[in-house]
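Visitor: Take this structure, written in structure tokens, and hold onto it; I'll ask about it next.
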Amino acid sequence: GQRERRWGKEMIGGGGGGVQREGLRYVPADSPECALLYANRSAALYQLHRYQDCVEDIERAERLGYPPELQHKTQSRRAACLQRLGGSGGESRESEPPSAAPPAPGVGVGECAPGLSLRWERGRGRHYRACQDVVQGQAVLQETAFAAVLVPGLPSPDHPPTQELQCHHCLAPATLPLPCPSCSYAQYCGQLCRSTAWRTHHWLDCPLGGHLLALGTGSHLALRTTLTGAWGEEG
């Protein structure tokens, strides 16, 4: 964590968020090092003109015990951000996670395109049938997955693996990830997704993370589907 924090400070001018991301995954969630990493990331965000995100990282750093003798830095940075935000107060946007994917043109989530009819036939069961021509590439149906897990990827020279780029709950891009406080694998796009994931499934697959990775995506998805169904029945 200390090494990643040092590298992050050196990279602030170029946006050291990626390095801070690595440090946050591996330091204890309530440690002084974690507070310092959030504070350093806020400095990078300020340089990138991401003022609202900068304010939120400052708040996290101070909640985790950022040293009082250094808080003059974060306080002046917060004041500068709020001035540029027009005195908005720096309200958190974590209650509004980004959409995992924009709706397909002309087809809302849970809807099918015009020209499709839902039918049932013996031997086929329930199915859709096109009543008019469908052009190649046209979206005809969009549904929300009952349960989903990220497929682990391998790093490449061009980008990190998938599990370091996406939210492990809503699958949206996690540009400023919040890691799970109890493991170094799961990360989320905001506090809402992190809390929801823990309440619905991560409380169980967190301590099983290494075993689930060894068993593969199919086993992980089977467990997630079971937990999602059980949670739906309870609440």
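Visitor: With respect to the numbered conditions (1) open to solvent by 60 Å² or more (accessible area, probe 1.4 Å); (2) under 18 Å from the mean Cα position of the chain (by Cα), which one is the sole condition not fulfilled by LEU215?
Guide: (2)
Visitor: Follow-up question, since we're still on this one. Any chance you could count how many residues in region 113-144 are surrounded by 11 or more Cβ atoms within 10 Å (Cβ to Cβ) and within 19 Å of HIS169 (Cα to Cα)?
Guide: Total satisfying the criteria: 1.
Visitor: How about region 64-73: which of its residues are of a type in the set (D, E, K, R) and either out of contact with any helix residue (DSSP H, G or I) (no Cβ under 9 Å at 6 or more places or on another chain) or closer than 17 Å to PRO177 by Cα (or both)?
Guide: Result: GLU69, single match.
Visitor: Yes or no: region 192-207 includes at least one residue that is in a loop (DSSP other than H, G, I, E, B) and open to solvent by 30 Å² or more (accessible area, probe 1.4 Å).
Guide: yes
Visitor: Quick test of your reading of the structure: TYR188 fulfils all but one of (1) within 22 Å of ALA44 (Cβ to Cβ); (2) among the hydroxyl-bearing types (Ser, Thr, Tyr); (3) open to solvent by 50 Å² or more (accessible area, probe 1.4 Å); (4) modelled with pLDDT of 85 or more. Name the failing condition by number.
Guide: Unmet condition: (3).
Visitor: Between a residue in region 46-67 that is touching a residue at least 24 places away in the same chain (Cβ under 8 Å) and any residue that is open to solvent by less than 30 Å² (accessible area, probe 1.4 Å) and basic (Lys, Arg), which pairs come within a Cβ distance under 6 Å, given they are 6 or more apart or on different chains?
Guide: Between residues of region 46-67 that are touching a residue at least 24 places away in the same chain (Cβ under 8 Å) and residues that are open to solvent by less than 30 Å² (accessible area, probe 1.4 Å) and basic (Lys, Arg), the close pairs are ASP57/ARG41.
Visitor: Is region 219-234 home to any residue that is free of Cβ contacts under 8 Å to residues at least 24 places away in the same chain, farther than 15 Å from ALA145 by Cβ and open to solvent by less than 30 Å² (accessible area, probe 1.4 Å)?
Guide: no
Visitor: Kindly indicate which of CYS180, CYS193, CYS189 is touching a residue at least 12 places away in the same chain (Cβ under 8 Å) and under 20 Å from THR217 (Cα atoms).
Guide: None of the others qualify; the one that does is CYS180.
The values are calculated or read from the model by the stated rules, or taken from the named source; none is laboratory data. Please read these numbers as outputs of a predicted model, since none were measured by experiment. In this analysis, Cβ positions are derived from the backbone assuming ideal geometry, glycine residues included, and neighbour counts consider all displayed protein chains. Surface areas here come from the heavy atoms of the whole protein model, side chains and all, with no ligands, DNA or RNA. Shrake-Rupley method; radii C 1.70, N 1.55, O 1.52, S 1.80 Å.
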